[in-house]
Amino acid sequence: LADGRELVASLIGDEAGAWDVAGRLPAELLRDLGARGLLCAQVPAEFGGLGASSLDNGEFTAHVGSICSSVRSVMTSQGMAAWSIQRLADAQQRRAFLPQLTSGGLAAVAFSEPEAGSDLSAVSTEITSSGRTAVVTGRKKWTTAAVYADVIVVFGRYGDGAGAVVVPASAPGVHVAPVENPLGCRAAGHANLTFDAVRVPAENVLGGTGFSLPLLVTAALAYGRMSVAWGCAGILRGCLSAAAHHARSREQFGKPLADHQLVQRHLADLLAAEQISRRACEHASRCWDAGSPEAVTAAVLAKYVAAAHAARGAAAAVQVLASAGATDQQLVARAYRDSKLMEIIEGSNEICQMILADHAVATAC
Ligand code: FAD
């Protein structure tokens, strides 16, 4: 992954701002990163992946997040799709689907629906199977990377419980409507999806009928939360660097901005935000890599801490750069818009607070 960092930096160069304004990433860039296994680096080597630890993949995710949150968002979706397959699929399905995701194929994950956002128990998409065919009917909203995806992992009601099904984006009955003018991560390929009695082979349904919706969703979201958290740590690193450089080089009232105490306060807060977020991510990744039962809560904590700090930190960075950071293409302006959305996805701030409060009450001595 050390090579991956340099590669990503050179492939993205200084294009992230232009891609954000255009609302589109180059598909060949995504396929190149995918074929190198970099979009889902934790997939084991036996499936063509890099077999990275959560900590190493997290550091890499932060690096990408410090440069381009849209590319990082695509990584989050790809990794979440791969993790869902690793966790929910049987051995034959893993062998069929995971190598596609480490050889240039692109994936998205669809939970949210028009009537089921924070409350995923309201999901109404139906997956049915009879004989050798499964049928998927429903609507999904704001699916990241769906515009680029070859396959979509769709969560829905299945039998008495819940299921996830791998749906080729090209299957008849799949309709992909890009989200127009998103506030942030504008090039991440968000789309609203309709599945109109889409027929896929029955072996595309992951696992049996025995899953409950909370179990399925918790498994997939755990990866997504880790990835978003590390991405936010990266946003903070990028903002801290941009604010520090500007404060050193720009003079007002006869001295550098960095020598004005009220500007120093912004820089100190940014440094603290970056360090706190990073430590929370490291802790969560260590729990993940150790297979600790704490990993699920640690992922929620990391996501909550990093997203909230990134949103505040990006606002502080815009304040330090002022007019120099106040146009769409500036890194801090993108960070300001991107980080706000990170407080909404993979469990909004409020949903994270509820999970953490339940944990605190349950474990209080
Ligand atoms: P709502 O659920 O309507 O919530 C509105 C507000 O009410 C929020 O502030 C929420 O925190 C608060 N709220 C809701 N319930 C409670 C409660 N019980 N107590 C306190 N406050 C509450 N979905 C996917 O399936 N796949 C994706 O790849 C994906 N990518 C996304 C990318 C972006 C950039 C965004 C913005 C969204 C994405 N989503 C995706 C959708 C995302 O998961 C939902 O937006 C999120 O779950 C919130 O749902 P909602 O927008 O319907 O808000």
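Every read-out reported here was derived from the displayed coordinates using simple, explicitly stated rules and does not represent laboratory data. Only a predicted model underlies this, so the values are computations on that prediction, with no experimental measurement involved. All Cβ positions, even for glycine, are placed from backbone atoms using ideal geometry, and neighbour counts span all protein chains on display.
Laid out as a table, the results:
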{"item": "DSSP beta bridges in region 6-161 [antiparallel fraction, %, rounded to 5]", "result": "55 percent"}
{"item": "All-pairs Cα distance distribution in region 1-135, expressed in whole percent, bin size 5 Å", "result": "2, 9, 18, 19, 17, 14, 12, 6, 3, 1, 0"}
{"item": "Förster radius 41 Å - calculated FRET efficiency between SER103 and LEU262, Cβ distance, rounded to 0.05", "result": "0.20"}
{"item": "Sites ALA91 and SER130, calculated FRET efficiency, Cβ-Cβ separation with R0 30 Å, nearest 0.05", "result": "0.80"}
{"item": "Reduced Cα scattering model of the chain, Debye log10 I(q)/I(0), q = 0.07 Å⁻¹", "result": "-0.29"}
{"item": "Spread of Cα-to-Cα distances over 5 Å intervals beginning at zero, given as percent, for region 191-257", "result": "3, 11, 9, 11, 14, 10, 8, 7, 6, 6, 5, 4, 3, 2, 0"}
{"item": "Protection proxy ranking of 76-85, 311-320 - average other beta-carbon atoms within 10 Å, highest first", "result": "76-85, 311-320"}
{"item": "Packing-based exposure ordering (other Cβ within 10 Å, fewest first) of SER339, SER69, SER118, SER129", "result": "SER118, SER129, SER339, SER69"}
{"item": "Peptides ranked, highest mean first, by Cβ atoms within 10 Å: ranges 349-355, 161-167, 290-296", "result": "161-167, 349-355, 290-296"}
{"item": "Principal axis box of region 80-207, alpha-carbon based, largest edge first, Å", "result": "42, 33, 26"}
{"item": "Residue with peak Gaussian network fluctuation, the chain [Cα springs, cutoff 10 Å], from VAL228, VAL135, VAL71", "result": "VAL135"}
{"item": "Beta bridges by DSSP in the chain, antiparallel share as percent, to the nearest 5", "result": "85 percent"}
{"item": "Convex hull per residue volume in Å³, alpha carbons only, for region 263-323", "result": "57 Å³"}
{"item": "Lysine pair count for the chain [Cα-Cα under 24 Å; pairs on different chains or 8 or more apart]", "result": "5"}
{"item": "Student exercise, the chain dipole from Lys, Arg, Asp, Glu Cβ charges, in Debye to nearest 20", "result": "240 debye"}
{"item": "Top positive-direction residue, dipole computed over the chain with Cβ charges, set HIS260, LEU33, VAL136", "result": "HIS260"}
{"item": "At least 24 Å along the helix axis (C-alpha) and Kyte average at least -0.5, DSSP helices within the chain", "result": "69-88, 213-249, 261-290, 295-321"}
{"item": "Span from the region 66-95 Cα centroid across to the region 107-144 one, whole angstrom", "result": "17 Å"}
{"item": "Mean ellipticity per residue at 222 nm, deg cm²/dmol - from DSSP H runs of n ≥ 4 across the chain, formula -39500 (n - 2.57)", "result": "-18000 deg cm²/dmol"}
{"item": "Residues ARG157 and CYS365, FRET efficiency given R0 of 51 Å [Cβ-Cβ distance, rounded to 0.05]", "result": "0.80"}
